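Chemist: Just passing along the structure, written as structure tokens.
What follows draws every value from the coordinates through simple rules; no lab data is involved. Given the structure is predicted, the values throughout are model-derived calculations rather than measurements. Glycine also receives a Cβ, built like all others from the backbone with ideal geometry; neighbour counts cover every protein chain displayed.
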Amino acid sequence: MDAINLDKPALEAVDDYCEYRRIVGEDDGGKLFTPEEYEEYKRKVLPLRMKNRLYVSFGVPGGIDCKLIGPETQCFCEHRYKQHQTEWEVVPSERPLALPCKVRGCHCSAYTYVPWLGCNPVRCRCKHLPQDHSEATGHLCRKCNSCSGFNSPFTCGCGRPLFEHRTLVETKLERQARGQPVGRDVPYAAMGGLTGFSSLLDGYHTLEASCTGNNLFLFPLFETKSRSFFFYSQGHSVHL
Ligand SMILES: [Zn+2]
Ligand SMILES: [Zn+2]
Ligand SMILES: [Zn+2]
Ligand SMILES: [Zn+2]
Ligand SMILES: [Zn+2]
């Protein structure tokens with residue numbers, strides 16, 4: 001692959017754009033804010049976002065976090081975390097806290113992580129993929145009558161079966177009460193459970209990496225099926 005040489009102003013423009021995207025997410029509806037609109041957005045949204053941040057993880061209740069959800073992590077409904085409602089002016093008090101999908105026509109009422117094996121998400125006991133099931137509550141199969149709702153025989157890297165796992169949405173206080181890292185406050189949209197470098201690794205690996213929440217902070221750029229690509233300051237990217 002050829003290296004592309006960018007001069008400094010071009011690199012700064014790339015950094016500015018990435019910063020804009022991380023902050024605004026999809027809230028501009030696909031049309032870039034004017035500088036005035038951007039300032040107004042930051043003034044209105046950022047204080048609430050920092051105060052109300054929600055952390056999203058996947059694991060067995062009482063156990064470790066097997067996966068920390070980032071902005072690009074796919075839901076059962078096939079849409080990404082950032083396409084769900086990830087922030088509120090006032091965080092609802094009911095638990096579990098459900099984050100519905102905002103994509104028009106999608107009936108997903110709660111962000112739900114499904115592990116992947118290679119290039120595909122894990123299959124249901126009925127042998128069909130998550131996308132063959134309804135994204136609405138109950139996740140009934142559209143391809144067979146023997147399925148009573150998506151349920152996979154998959155065993156997670158933590159050694160426990162998938163059905164014991166749940167996608168957990170929690171506030172900063174709730175996460176701290178579980179003794180889990182919350183990272184530093186960031187202005188970025190839909191950060192989910194990402195709090196530091198070791199968020200890139202699956203939970204059973206972070207045990208070895210000893211996540212303290214004070215690690216080098218990396219910004220998620222995009223995530224493919226098996227790899228996460230991250231962007232950190234000055235426009236370098238790394239991948240795991
Ligand atoms: Zn959806
Ligand atoms: Zn969804
Ligand atoms: Zn089926
Ligand atoms: Zn099924
Ligand atoms: Zn697990």
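Chemist: For region 80-201, what relative contact order do you get, as a whole percent, if you take Cα pairs closer than 8 Å and at least 6 residues apart? Walk me through the numbers before you get to the answer.
Modeler: Working: 134 pairs, mean separation 22.7, N = 122.
Once normalised by length, the contact order is 19 percent.
Chemist: Among His107, His139, rank each residue by its count of other Cβ atoms within 10 Å, from fewest to most, as a rough exposure measure. Walk me through the numbers on the way to the answer.
Modeler: On the way: His107 12, His139 20.
Exposure proxy ranking, most exposed first: His107, His139.
Chemist: I would also like to ask the following. Quick check on my link table: of Lys31/Lys67; Lys31/Lys172; Lys8/Lys44; Lys51/Lys82, which ones sit more than 29 Å apart, alpha carbon to alpha carbon?
Modeler: Details: Lys31/Lys67 32 Å; Lys31/Lys172 32 Å; Lys8/Lys44 31 Å; Lys51/Lys82 18 Å.
As for pairs spanning more than 29 Å Cα to Cα, those are Lys31/Lys67; Lys31/Lys172; Lys8/Lys44.
Chemist: To continue, here is another question. Would you list Phe58, Phe163 from fewest to most Cβ contacts within 10 Å?
Modeler: Details: Phe58 23, Phe163 13.
Ascending Cβ contact count within 10 Å gives the list Phe163, Phe58.
Chemist: Once amide H atoms are placed 1.01 Å from N in the peptide plane, what residues at a sequence separation of 5 or more from Arg125, or on another chain, have their amide H within under 5 Å of its amide H?
Modeler: Residues meeting the amide H criterion: Asn151, Ser152.
Chemist: What is the packing order of peptides 87-95, 122-130, taking the mean over residues of other C-beta atoms within 10 Å and listing the highest first?
Modeler: Working: 87-95: 10.0, 122-130: 17.8.
Per-residue Cβ counts within 10 Å, averaged per peptide and sorted highest first, yield 122-130, 87-95.
Chemist: While we're here: For the residues Ser146, Ser134, what sequence is obtained by ranking on other C-beta atoms within 10 Å, fewest first? Numbers along the way, then the final one.
Modeler: On the way: Ser146 8, Ser134 16.
Fewest to most other Cβ atoms nearby, the residues stand as Ser146, Ser134.
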